[in-house]
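This report concerns only the one structure given below.
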There are 2 protein chains.
Amino acid sequence: MSEPRLVEVRRNVLKQNDVIARGLRERFRESGVFVVSLVSSPGSGKTTFLERTLTELRPRYRVAALVGDLATENDAVRLARSKAPVKQITTGTLCHLEAAMVENALQGWDLRNLDFLFIENVGNLVCPSSYDLGENMRLVLMSVTEGEDKPLKYPTIFNSADIAVVTKNDLSSAVEFDWNAAEKSIQSVRPGMRVFRLSAKTGEGMSEYLEFLSRQLAEQRAVAQT
Amino acid sequence: MSEPRLVEVRRNVLKQNDVIARGLRERFRESGVFVVSLVSSPGSGKTTFLERTLTELRPRYRVAALVGDLATENDAVRLARSKAPVKQITTGTLCHLEAAMVENALQGWDLRNLDFLFIENVGNLVCPSSYDLGENMRLVLMSVTEGEDKPLKYPTIFNSADIAVVTKNDLSSAVEFDWNAAEKSIQSVRPGMRVFRLSAKTGEGMSEYLEFLSRQLAEQRAVAQT
């Protein structure tokens, strides 16, 4: 069995990733930019949610985004409608972003000109969990159409995330979404996790989330000055 | 860079998988069971779809299912409501099923007593694509809530599948699903692919799909007798 060798090689790849991620984190801190990464399954609405986030933050903040996908530049095109700078990272057959790809994509960008940088990972609830991208906050997104037990089935990614967002709330009644069951799933996997419930389509619940982001940025900068 | 070594080790794992898959395929053929594997992103409705499939086929056929997940036995519990024999495979942190897991799960089952065996893969649009499970047919499922461009973003899995099923059609108008755009995406990635549009919740479109399965089984048995 080549399983032990595979584990060993994978460990080296992760170690290498951690080194680059540490460099990125230091760079983000020095530049004063707050970096949020987004993970979710394909089709949970990451891009719509991110487009709305960028559009609503833009009047008050300098925002930009990197977006990862196996193929196509579709998401970058969609996000560009927000008028924020956006760069697409295509990963080929790789099911996650790595710190080196982020580093590479950031070439030519002066991070000191940014307040928020968003990194949309490849749509996947497994692969991205082990790869540190140097982000300040990892956000896991699930939609009401996916079912309430997703956190129980994908505990690692929920564990590796800092906050959870439940989106497509406008479809809640159509899919008979059980909010208590979902909240219970999340809390059993990650007790105390902050959860936002919203609809990026109607805008319902967005302001609470955006205020949370603003406070995070303010806190980070307050810490940096002490 | 350890990338080339990783690729080499991965190739060996895949080769090993192919050997076991070949054995499974031979066993399925000899037993006269028609094996369908299901892949999709998490939350696209695989389990609901499979539960309905099992329930509707059971009066006429002998059916059973294996269901893969990282954690929990939730899906096996749900599928057991169909009264068909169901076994859960939990993969830990692995984002796909492998032929060896299927072989292992089938221990103690006499396949000659089955007409259809369904294998529900881990919810993932990337990892399962390279792993042959010896199945007769691979079915890729996408829901109308995921967006029309999923095939363009995950071409490999759509390419590795034999048929596509678009589900949650009852939510089509709520999410303003563009059927033509979806069909175009699928056909551009996999020209000529057979696509079924249905709702496992309301039952709409199920009979066409089930008749298709019946024909597949009949054809396989006709071939086996020649």
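Numbers below:
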quantity	calculated
Exceeding the 31 Å Cα-Cα cut-off - candidates A:Lys46/B:Lys87; A:Lys201/B:Lys201; A:Lys201/B:Lys46	A:Lys46/B:Lys87
Karplus-derived 3J(HN,Hα), 6.51/-1.76/1.60, for each residue of region A:96-105, Hz, glycine and proline x	7, 8, 10, 4, 5, 5, 5, 4, 5, 5
Two-decimal ratio, the protein assembly as shown, of alpha-carbon radius of gyration to 2.2 N^0.38 Å	1.00
Distant-in-sequence amide H partners of B:Leu97 (H built 1.01 Å from N, under 5 Å)	B:Val122
Long-range amide H partners of B:Ala200 with built H, under 5 Å	B:Lys168, B:Asn169
Intensity falloff of chain B expressed as log10 I(q)/I(0), Debye formula with alpha-carbon point scatterers, at q = 0.08 Å⁻¹	-0.28
Residues with amide H under 5 Å from that of A:Leu66, placed H, sequence gap 5 or more	A:Lys87, A:Phe118, A:Ile119, A:Glu120
Summed residue charge, Cβ within 12 Å of A:Val19's Cβ, Lys/Arg positive, Asp/Glu negative	-2
Backbone HN-Hα couplings from phi across region A:194-203 [Karplus 6.51/-1.76/1.60, Hz, Gly and Pro as x]	6, 10, 10, 10, 7, 10, 6, 6, 8, x
J(HN,Hα) series, region B:36-51, from Karplus relation 6.51 cos²θ - 1.76 cosθ + 1.60, nearest Hz, glycine and proline x	10, 9, 10, 10, 5, 6, x, x, 7, x, 4, 6, 4, 4, 5, 4
Positive minus negative residues near A:Lys46 (Lys, Arg vs Asp, Glu; Cβ under 9 Å)	-2
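A short reminder: the numbers here are calculations on the coordinates, not readings from a lab. None of the values given here were measured: they were computed from a predicted structure. Neighbour counts are summed over all protein chains in view; Cβ atoms, including those assigned to glycine, are modelled from backbone coordinates with ideal geometry.
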